[in-house]
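Please treat every number below as a calculation from the coordinates, not as lab data. This one's a predicted model, so the numbers in the text were calculated from it and none came from an experiment. Positions of Cβ are generated from backbone atoms using ideal geometry, with glycine treated the same way; all protein chains shown enter the neighbour counts.
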Amino acid sequence: MEALTRADAQFARVIRTVVVDDLDKPTPCEGWDVRGLLNHVIGGNRASVMLLEGGSRDDVMALFGEDLVGDDYLVAYEDSIADSRAAFAEEGALGRTVHHVMGDIPATQLLQFRTSDLTLHGWDLARAVGADDAIDPELAAFLLEGLLPMAAVMGSVGVFGEGPSGTVGEDAPVQQRLLDLTGRRP
């Protein structure tokens, strides 16, 4: 939960720099402009609540067909993350199994997905709008540790670009290693 709190703080810092004229700017995520990225993040927050409440894969997929950004992206984000954090904090929530689009997974894995999503898309958003793209070093280290076991398949899952480049050594700064592992080439 501490990692989710840190990821939220980082994303919130960046989204507060976004202005309406930024919504059409491209992001490092292929095919997504800022509005599309925000819709994805807000949708992920909303989906986590649905899943923790017993929602189905179909419920979640329908959610992503909606415009979740609306007229006030900051309020939409703040409401969605507050609801998500509350759902994860509910007694017994982290012991549940959820029906994610990837299959049935433990709620703890869903929590890690949300933390990673907020952190990495916070970086993407910062790059798109020219904001500070620094990732909390402790958060980056936590995520890197959790994602490294999947390094060999990162490029094949379809959400991390080409995956690791193979050119960033273990002695590189943790943010650079995390970004490279997840297919981001600053």
**OP:** Can you pull the one-decimal nm distance between simple spin-label points at residue 138 and residue 24, each 7 Å off the Cα toward Cβ?
**Re:** 4.2
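So what's the net charge close to residue 21: Lys and Arg +1, Asp and Glu -1, counting the other residues with Cβ under 13 Å from its Cβ? Kindly include the intermediate steps, with their values, before the conclusion.
On the way: positive: 25, 35; negative: 22, 24, 33.
Every neighbour counted, the sum reads -1.
Relative contact order, percent, of the chain when contacts are C-alpha pairs under 8 Å separated by at least 6 residues? Write out the running numbers ahead of the final one.
Details: 242 pairs, mean separation 44.7, N = 186.
It rounds to 24 percent for the chain.
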Original post:
Which residue, chosen from 115, 167, 92, occupies the Cα position most advanced towards the positive end of the dipole of the chain, where the dipole is computed from +1 (Lys, Arg) and -1 (Asp, Glu) charges on Cβ about the Cα centre?
Top reply: 167
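Assigning unit charges at the beta carbon (Lys, Arg +1; Asp, Glu -1) and nothing else, what dipole magnitude in debye, to the nearest 20, does the range 136-186 show about its Cα centre?
Values: 3 positive and 7 negative charges, 44 e Å.
Taking the Cα centre of the range 136-186 as origin, the dipole is about 220 debye.
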Original post:
For the chain, modelled as a GNM with alpha-carbon contacts under 10 angstrom, which of 21, 124, 133 fluctuates the most?
Top reply: 21
Original post:
Per the helix-only calculation at 222 nm, which mean residue ellipticity applies to the chain, given -39500 (n - 2.57) for every DSSP H run of n ≥ 4 and division by its residues, nearest 500 deg cm²/dmol?
Top reply: -17000 deg cm²/dmol
Original post:
Pick from 19, 60, 49: which residue has the top mean-square fluctuation in a GNM of the chain where Cα pairs under 10 Å get a spring?
Top reply: 19
